Every structure is written in structure tokens, then in C-alpha cells.
Amino acid sequence: MILIEGGTLITGDGKTVKRIGGLLITGERIQEILPFGEKISKDVPIKERIDGTNRYIFPGIINNHGHGVTFGPLFASAAKALDK
């Protein structure tokens, strides 16, 4: 199992952005989303821990090439940002 500790989850539904306690991944699937402030039990065997503090988690996006999903200038040309 892989645990991403902390972070902000962007679900991709166009409206859900939430801080989480962590994301537990088994194989290629999200097994559990921990509520903000909650920690995983020490009894759970974690193979890899990733610090997600102050980072965004985009499940399903293969690389960071998702135009229009970040705040600030759009594209490297600094085009006007999209509305939230």
C-alpha cells in the first residue's frame, strides 16, 4: 500500500477541492480517503509514504499536463487564467 499523507484533493468533477488527511492506494486503486486531520492506523502495512503537505492530488491525471486546472496564468504564454 502507498499512503499520500495530507494534501488537497482535486476530484475532477469541476467543483470538489478538499484538504484531506491522506489517500491510501492499493495497487492502482484508491482504497480510502482520510478526512482532514485523521491519520492512518499504525497497524496498516504501508510500503511507501509520500508527503502531500501543501501539494495537490489529481487522481487519474497521468502527468501534470492538465490545462486549465491550475490557478494563475494559462499556458507558458501567460494567457489570462480561466474562471474558477
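In segment 37-49, the residues that are closer than 12 Å to Thr26 by Cα form no Cβ pair under 7 Å with any partner that is loosely packed, with under 11 Cβ neighbours inside 10 Å, whether six or more places apart or across chains. Give the residues of segment 26-36 that are more than 13 Å from the chain's Cα centre (by Cα) and free of Cβ contacts under 8 Å to residues at least 12 places away in the same chain, sorted by residue number. Gly27, Glu28, Arg29, listed by residue number. Screening segment 34-84 for residues that are in contact with a Leu (Cβ under 6 Å, 6 or more places away or on another chain) and modelled with pLDDT of 90 or more and picking the one that is least open to solvent (accessible area, probe 1.4 Å) gives Ile57. Within the set of pairs 6 or more residues apart or between chains, which connect a residue that is open to solvent by less than 10 Å² (accessible area, probe 1.4 Å) inside segment 5-25 to a residue that is among the polar types (S, T, N, Q) with Cβ atoms less than 6 Å apart? Listed by first residue and then by second, the contacts come to Leu24/Gln31.
The values are calculated or read from the model by the stated rules, or taken from the named source; none is laboratory data. What you are looking at is a predicted structure, and each value in this text was computed from that prediction instead of being measured. Counting neighbours? That spans all protein chains shown, and the Cβs are built from the backbone with ideal geometry, glycine included. Ligands, DNA and RNA are excluded from the accessible area calculation, which covers all protein heavy atoms including side chains. Shrake-Rupley method; radii C 1.70, N 1.55, O 1.52, S 1.80 Å.
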